[in-house]
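The values are calculated or read from the model by the stated rules, or taken from the named source; none is laboratory data. What you see is a predicted model, and the numbers here were worked out from it, not measured in a lab. Every residue, glycine among them, receives a Cβ derived from its backbone with ideal geometry; neighbour counts consider all protein chains shown. The protein model used for the area step is the full one, side chains on, heavy atoms only, and it has no ligands, DNA or RNA in it. Shrake-Rupley method; radii C 1.70, N 1.55, O 1.52, S 1.80 Å.
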Amino acid sequence: MPNCEHCHGHVSERFAQVFADEHDRVLACPNCAANAGIAEVARERARARGP
């Protein structure tokens, strides 16, 4: 099961699919990070993947 690298709390498989980095690490979860930070990472990854 995936865990947050910061707080070691469990995150869902779906959360990990969306927010894990290229090494399948979840660096922050909703319990230990501001939602704005999570949204910012999602936007950056969407830009990096391109159209």
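With respect to (1) in a loop (DSSP other than H, G, I, E, B); (2) over 9 Å from the mean Cα position of the chain (by Cα); (3) at pLDDT 80 or above, the lone exception for Pro51 is condition (3). So how many residues does segment 7-33 have that are open to solvent by 50 Å² or more (accessible area, probe 1.4 Å) and either in contact (Cβ under 8 Å) with a residue 40 or more places away in the chain or assigned to a loop (DSSP other than H, G, I, E, B) (or both)? Going through segment 7-33 one residue at a time, the tally reaches 10.
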